[in-house]
1. Among residues other than Leu80 whose Cβ falls under 12 Å from its Cβ, what is the net charge (Lys/Arg +1, Asp/Glu -1)?
2. May I have the convex hull volume per residue, in Å³, for the Cα set of the range 151-192?
3. Quick one: net charge of Leu155's neighbours, Cβ under 13 Å, K/R +1, D/E -1?
4. Long-range amide H contacts for Phe191: which residues qualify at under 5 Å (H placed 1.01 Å from N, peptide plane, sequence gap of 5 or more or a different chain)?
5. Ignoring ligands, DNA and RNA, how do Lys183, Lys85 rank by accessible area with a 1.4 Å probe, largest first?
6. Using the basic label-point model (7 angstrom from Cα toward the beta carbon), what is the Ile81 to Asn147 distance in nanometres?
7. Per 10 Å bin, what is the whole-percent P(r) computed from every C-alpha pair distance within the range 62-119?
8. Going by a ≥ b ≥ c, the root eigenvalues of the Cα gyration tensor, does the range 113-192 fall in the rounded group (a/c under 1.5), the prolate group (a/b larger than b/c) or the oblate group?
Amino acid sequence: MAQGFDDSDMKIVGDKGPRSDDAIDGPGFLLETAQQHFNGNIPKAKLLGSNIVSAFSYRAAPDELTELIGQYRLEPTDALILQLKILSVFSAEYCLKRYLPSQLLSAVALGEMYETLMRLSPDFYQELSQTAAFSFYYLAVGSDENNYTAIGRQLAEMMDDPENGDLIALGAALHAHNLQVYKKAINGFAFV
């Protein structure tokens, strides 16, 4: 080694030593779980998760959805309805992850949401579990919650019609509407 050169503070490439942000705080987790349970937040998160499923567990598209589709000069085909349901689930997951007061409550609400969906709509749940749409929607949103057009573009991609301005506008409008509805639902539970 060259004289005067100290390499003791250099990291070895590939060394995956422990990082403080990767460590699990077991006692902290148990304390938060107890606090969230006793202040009523865990039961609220479960109820929120199960209630939110009604927004996308329908078998036939609700009238307001078919009207929205018609406003964009589109036909409510089975394929489009399926993609809009998937987008609605994405919007719900996004809101539950982003707007609940803790990751624990988000996980509880999401777990309940997916369990309820699996019970009520097993075929849709199976379809949802096989789609890559969420990955593309998360990439589209990035860190900009108001990137509705990017969400719309992803919907158009999912429909194999990436240049369809009406599909893009519909996806953007539905996601924006969903965010409003889901945020209002979250706020209505008055988490402590």
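1. Charge balance near Leu80 sits at -4.
2. Cα convex hull per residue, to the nearest whole number: 54 Å³.
3. On the way: positive: Lys85, Arg153; negative: Glu157, Asp160, Asp161, Glu163, Asp166.
So the environment of Leu155 carries a net charge of -3.
4. Close amide H contacts, sequence-distant or interchain: none at all.
5. Sorted by accessible area, descending: Lys183, Lys85.
6. In this crude spin-label approximation the distance works out to 3.1 nm.
7. Answer for the range 62-119: a P(r) of 21, 38, 27, 14, 0 percent.
8. Oblate.
The values are calculated or read from the model by the stated rules, or taken from the named source; none is laboratory data. Fair warning: this is a prediction, and the values are worked out from it, not measured in the lab. Using ideal geometry, Cβ is built from the backbone for each residue, glycine included, and neighbour counts are taken over all protein chains shown. Heavy atoms of the whole protein, side chains included, go into the accessibility calculation; ligands, DNA and RNA do not. Shrake-Rupley method; radii C 1.70, N 1.55, O 1.52, S 1.80 Å.
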